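Notes for the one structure printed next.
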Amino acid sequence: MTTLKGKVHYVGVNDRVKTLFEGLWPLPYGVTYNSYLIADDKVALVDSVDVNFFDLFLEKVKGILGERPIDYLVINHMEPDHSGAIRLLRKVYPDITLVSNKKALEMVEGFYGAGAKTLTIAEGDTLELGHHTLRFHMIPMVHWPETMVSYDITEHILFSGDAFGCFGALNGTPLDSRMDTSVYWSEMERYYANIVGKYGAPVQKALQKLKALDIEMVCSTHGPVWTGENIARVGGIYDRLSRYEAEEGVVIAYGSMYGNTLQMAETIAGELAAQGIRKVVMHDVSRVNHSFILADLFRYKGIILGAPTYNASIYPPMEMLMSEIEMRDMKNRYLGYFGSFSWACHSVKRLAAFSEKVGFEVTGTPVEMKQGMKEATCAACRELGKAMADRLKADR
Ligand code: FEO
């Protein structure tokens, strides 16, 4: 049991079992489903947990409340990793009132069936609990349409839903001030790139709205509870990523079946380094889970993609990566590309179509290689690397 501030307790759970979040994104350090219990004159739960952790969750809740009932379940975000326990919660607490906006409550009905007592709130509405008073602010599309935050006016706590969340289970405590937080920063960037990445504009709107609040503690649905200087750091990460701001560096994402396309990638990387670009990250699109590639694509300004032709199109893992980039509406990137073929070149055409669609600034001349590496191809790859280096250095 952990009391956070005032009458707010942490009752979330660690998930160290799931290997892929959303069936897609690896969880090397696990993940949390955070829930907060406000044991005030009225009792409110803020968000709940994945249904598979209900027993442990209930034990934590009862450890604080005993047989006292829960008056309200505040739903900041309806996605089932936070709402999956609703049906079971209602069995244990039949009089619980679900508190959220109209859209979220409609979704609750769609997922879990009607019949619950509900309280529909809108922007700026408040819920008095005794010592604590919650005020609700809508932050749609961060990253679902129903998303909102609950701000505790009394203790200046922001219950932020997925906003400011990150991957990574908690090792003993939810409070950032009592732990080594180092693992969470890169996990926050990866979480953002994977889960929230498409919604840069809504995140910017949300940040503008939340700027007006005096926040002393951020309680999101995933990862540590943030306090002190970390609040600005977390806000800064979400701000930078949602503006698609990137640092100098290049991600070379390549596919290669027999090592020929890889030789092109190696040549480009060598030239980038020779030209003074220190941050060059190479990712094999077949071997590296795209979760990590996407995180690096959000971090660095330069992107170079290369793959062989395959079935009169492009190597499938590269097709998937291109789709994942397109889905995130990424902006402000420099793009170079290259490809190879044995008898008919399709991969570079496919990369050209991708380039047109995403609208990145094309940097250097795309390189096409027939069969194996020759001096002319090698020179063209070096030219591509140099062009990308020059473009990046022009921004210094
Ligand atoms: Fe953690 Fe969008 O659910």
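Points worth noting:
- If you check 10, 29 for being open to solvent by 10 Å² or more (accessible area, probe 1.4 Å) and touching a Ser or Thr at 6+ places or on another chain (Cβ under 8 Å), only one passes: 10.
- Some residue of the range 96-106 being in contact with a Phe, Trp or Tyr (Cβ under 6 Å, 6 or more places away or on another chain), closer than 14 Å to residue 36 by Cβ, more than 16 Å from the ligand (Cβ to nearest atom) and open to solvent by less than 30 Å² (accessible area, probe 1.4 Å): yes
- Residues in the range 116-151 that are in a strand (DSSP E or B), open to solvent by less than 30 Å² (accessible area, probe 1.4 Å) and either touching a Leu at 6+ places or on another chain (Cβ under 9 Å) or not assigned by TED's automatic domain parsing to the domain that holds residue 80 (or both): 8 in all.
- If the condition is being among the small types (Gly, Ala, Ser), free of Cβ contacts under 8 Å to residues at least 12 places away in the same chain and outside the structural domain of residue 341 (by TED's automatic domain parsing), then the range 229-260 contributes 232, 236.
- Taking the criterion of being under 20 Å from residue 148 (Cα atoms) and among the aromatic types (Phe, Trp, Tyr), the only residue of the range 85-111 that qualifies is 111.
- Any helices (runs of 4 or more DSSP H) falling wholly within the range 177-271 and containing at least 2 residues that are in contact with a Ser or Thr (Cβ under 9 Å, 6 or more places away or on another chain) and closer than 29 Å to residue 388 by Cα: 200-210
- In a residue-by-residue description of the range 157-166, the property of being open to solvent by 10 Å² or more (accessible area, probe 1.4 Å) and among the aromatic types (Phe, Trp, Tyr) applies to at least one position.
- Entry remark, the range 77-92: residues being more than 10 Å from the ligand (Cβ to nearest atom) and touching a residue at least 40 places away in the same chain (Cβ under 8 Å) number 1 in total.
- Which numbered condition residue 218 fails, given (1) more than 16 Å from the ligand (Cβ to nearest atom); (2) touching a residue at least 40 places away in the same chain (Cβ under 8 Å); (3) β-branched (Val, Ile, Thr): (1)
- Count of residues meeting criterion [of a type outside the set (D, E, K, R), out of contact with any Lys or Arg (no Cβ under 6 Å at 6 or more places or on another chain) and open to solvent by 10 Å² or more (accessible area, probe 1.4 Å)] in the range 32-42: 0
- Selection count, the range 169-198, where residues are small (Gly, Ala, Ser) and within 13 Å of the ligand (Cβ to nearest atom): 1
- Residues of the range 43-63 satisfying the condition of being open to solvent by 40 Å² or more (accessible area, probe 1.4 Å) and in contact with a strand residue (DSSP E or B) (Cβ under 7 Å, 6 or more places away or on another chain): 56
For (1) open to solvent by 40 Å² or more (accessible area, probe 1.4 Å); (2) aliphatic (A, V, I, L, M); (3) assigned to a loop (DSSP other than H, G, I, E, B), each residue gets a yes or a no:
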| site | (1), (2), (3) |
| --- | --- |
| 302 | no, no, no |
| 306 | no, no, no |
| 318 | no, yes, no |
| 324 | no, no, no |
| 330 | no, yes, yes |
| 335 | no, yes, no |
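- Reported count of residues in the range 328-355, each being under 30 Å from the mean Cα position of the chain (by Cα) and polar (S, T, N, Q), is 3.
The values are calculated or read from the model by the stated rules, or taken from the named source; none is laboratory data. Computed from a predicted structure; not experimentally measured. Every residue, glycine as well, gets a Cβ built from its backbone with ideal geometry; the counts of neighbours run over all protein chains shown. For accessibility, only protein heavy atoms count, side chains too; no ligands or nucleic acids. Shrake-Rupley method; radii C 1.70, N 1.55, O 1.52, S 1.80 Å.
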